[in-house]
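Have a look at the structure below before the remarks.
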Amino acid sequence: MRKIILLTVAMVFTLQAWSQLSLEAYRNRVYAFSTELKSAEADIDRAYADMRMAHTDFLPSLSANGSFTTDFSRKRDADLWGFTLQPQVEQVLYGGGVVRATYRRAQDN
């Protein structure tokens, strides 16, 4: 009976010593986990940015053309400076399904 108790106590202490990690192994595991966590967060941020960029194709866009002119010799009542600006609001009505397919692909990621 006494041998069984001693054997059990010896096994418990042996298993505890065997199951504990060294400090260096623990640090390596924590570093690997934190690296994986940062990588996963970066992947989520990248997928969200791709989805937002694909969503902007549904929205109208604003573009502008402008020109600036000057005349160095004054002729009677003519203006010396000229400036024109032509703003445009554009909306894609149908792009062959490319816009929706791009948006859905970004959503799936």
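The values are calculated or read from the model by the stated rules, or taken from the named source; none is laboratory data. The structure presented is a predicted model; accordingly, all values stated were derived computationally and were not measured. FYI the Cβ positions are ideal-geometry reconstructions off the backbone, even for glycines, and counts take in every protein chain you see. Protein only, heavy atoms only, side chains kept; ligands, DNA and RNA dropped before computing areas. Shrake-Rupley method; radii C 1.70, N 1.55, O 1.52, S 1.80 Å.
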- request: Determine which single condition Met51 fails, assuming it passes every other condition in (1) of a type in the set (A, V, I, L, M, F, W, C); (2) in contact (Cβ under 8 Å) with a residue 40 or more places away in the chain; (3) touching a Phe, Trp or Tyr at 6+ places or on another chain (Cβ under 8 Å); (4) open to solvent by 80 Å² or more (accessible area, probe 1.4 Å).
  value: (4)
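Only residues that are among the acidic types (Asp, Glu) and modelled with pLDDT under 90: list them for segment 1-48, please. Before the answer, list the steps.
We begin by selecting, within segment 1-48, every residue among the acidic types (Asp, Glu); these are 24, 36, 41, 43, 45.
If the condition is that a residue be among the acidic types (Asp, Glu) and modelled with pLDDT under 90, then Glu24 is the only one that fits.
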statement: Within segment 80-109, of all residues that are in a helix (DSSP H, G or I) and in contact (Cβ under 8 Å) with a residue 40 or more places away in the chain, the one farthest from the chain's Cα centre (by Cα) is Val99
field: Residue that is modelled with the lowest pLDDT [pool: residues in segment 61-74 that are over 30 Å from Asp108 (Cβ atoms) and surrounded by 10 or more Cβ atoms within 10 Å (Cβ to Cβ)]
entry: Asp71
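Hey, does segment 57-68 have a residue that's part of a helix (DSSP H, G or I) and of a type outside the set (Gly, Ala, Ser)? Steps first, please.
Applying the first criterion (part of a helix (DSSP H, G or I)) to segment 57-68 yields 57-58.
Then drop every residue that is not of a type outside the set (Gly, Ala, Ser), which leaves 57-58.
Among the residues of segment 57-68, at least one is part of a helix (DSSP H, G or I) and of a type outside the set (Gly, Ala, Ser), which makes the answer yes.
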- prompt: If Asp77 passes every condition in (1) assigned to a helix (DSSP H, G or I); (2) open to solvent by 100 Å² or more (accessible area, probe 1.4 Å); (3) acidic (Asp, Glu) but one, which one does it miss?
  reply: (1)
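If I filter segment 49-60 for residues that are more than 28 Å from the chain's Cα centre (by Cα) and either among the polar types (S, T, N, Q) or modelled with pLDDT under 80 (or both), do I get at least one hit?
Initially, segment 49-60 is screened for residues more than 28 Å from the chain's Cα centre (by Cα), giving none.
No, that holds for no residue.
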query: Of all the residues that make up segment 83-100, how many are modelled with pLDDT under 80 and surrounded by 10 or more Cβ atoms within 10 Å (Cβ to Cβ)?
result: 5
